[in-house]
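Structure in structure tokens, see below.
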Amino acid sequence: MTVNLPPQPVPAADPTVDELLQDVDGVVVDWDGTVVDNAEIRLSALQQALASYGVDVDPQWYALNCGLPIREVIVRLAGPRTLPVEEIVPASRRLLLNGPPPRLIDSTMNLLRRAEALGLPRAVASAAAGVLIHPLIDRLDLGELLPVVVTAESVARGKPAPDAYLEAARLIGRAPSRCLAVDDAPDGITSALEAGMRVLAVRDGLLVPVPGLIPG
């Protein structure tokens, strides 16, 4: 079911946003914590899915590791223990899919809408599973704004490897060095930098340029 959102006007030129998009040929964004503010929802779902196994998830630890694929997060949380990952992952996903839709992050949405108005191609590059992202894109009516979606299943290596961002650049037909990436997690930022993109980090709802590239 699609969430009925009020129509969005075509954004007028914003000096700050236009400066961020200067000399850019495409925009590639992470999903969780970048387009949607769902960190607390994801943390709660994971905590509930792990509760019966006696595993607690520290919010500060999760904030630093939430950019990883969920299976990797669970393995790191387990430590020397062996947890039934293939049971925990579906349980966490069911909780997420049955919950309310998350809030959109205004700064990222403003950037994407301005990029759309300027005719710049846009894509998602996420470490999350497609089964979580595609239904939300439909519910939030973001299909036209984000027509290209790279998920965990799309690439051989997850973040912090650059594969997701490189694949997104390939699909929108732009050189990675000409793309602007937006991500909120350390592993995602590393992924985008290693792909050779300019990067904005989401910090407290704001878009903050990340200086430099990782030496190759």
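The values are calculated or read from the model by the stated rules, or taken from the named source; none is laboratory data. Bear in mind that the values here come from a model prediction, so they are computed numbers and not experimental data. For neighbour counting, all protein chains shown are included, and Cβ atoms are generated from backbone atoms with ideal geometry for every residue, glycine included.
For the range 153-169, does any single residue satisfy the condition of being farther than 30 Å from Asp56 by Cβ and either of a type in the set (Val, Ile, Thr) or surrounded by fewer than 15 Cβ atoms within 10 Å (Cβ to Cβ) (or both)?
We begin by selecting, within the range 153-169, every residue farther than 30 Å from Asp56 by Cβ; these are 154-156, 162-163, 165-169.
The next check asks that each one be either of a type in the set (Val, Ile, Thr) or surrounded by fewer than 15 Cβ atoms within 10 Å (Cβ to Cβ) (or both); those that pass are 155-156.
Checked the range 153-169: at least one residue is farther than 30 Å from Asp56 by Cβ and either of a type in the set (Val, Ile, Thr) or surrounded by fewer than 15 Cβ atoms within 10 Å (Cβ to Cβ) (or both).
Can you tell me which of Leu112, Leu136 is under 20 Å from Cys66 (Cα atoms), of a type outside the set (Lys, Arg), part of a helix (DSSP H, G or I) and in contact (Cβ under 8 Å) with a residue 24 or more places away in the chain?
Within the list Leu112, Leu136, the selection yields Leu136.
Next question. Run Ala164 past the list (1) in a loop (DSSP other than H, G, I, E, B); (2) of a type in the set (Gly, Ala, Ser); (3) without any contact (Cβ under 8 Å) to a residue 60 or more places away in the chain and report the number of the one that doesn't hold.
It is condition (1) that Ala164 fails.
Can you pull out every residue in the range 175-216 that is touching a Leu at 6+ places or on another chain (Cβ under 9 Å) and either at positive phi or charged (D, E, K, R) (or both)?
Asp183, Asp187, Glu194, Gly196, Arg198, Gly212
Any residue at all in the range 114-129 that is farther than 22 Å from Gly26 by Cβ, at pLDDT below 95 and assigned by TED's automatic domain parsing to the domain that holds Val24?
First, the residues of the range 114-129 that are farther than 22 Å from Gly26 by Cβ: 129.
Going one step further and asking which of them are at pLDDT below 95, we end up with 129.
In the following step, the residues that additionally are assigned by TED's automatic domain parsing to the domain that holds Val24 were identified as 129.
Yes, the range 114-129 has at least one match.
Here's something else I'd like to know. All but one of (1) at pLDDT 95 or above; (2) buried (at least 19 other Cβ atoms within 10 Å of the Cβ); (3) part of a helix (DSSP H, G or I) hold for Ser177; which doesn't?
Looking at each condition in turn, Ser177 falls short on (2).
Then there is this: List pairs: first in the range 49-74 and under 15 Å from Arg93 (Cβ atoms), second hydroxyl-bearing (Ser, Thr, Tyr), Cβ under 6 Å, 6+ apart or cross-chain?
Ala49/Ser92
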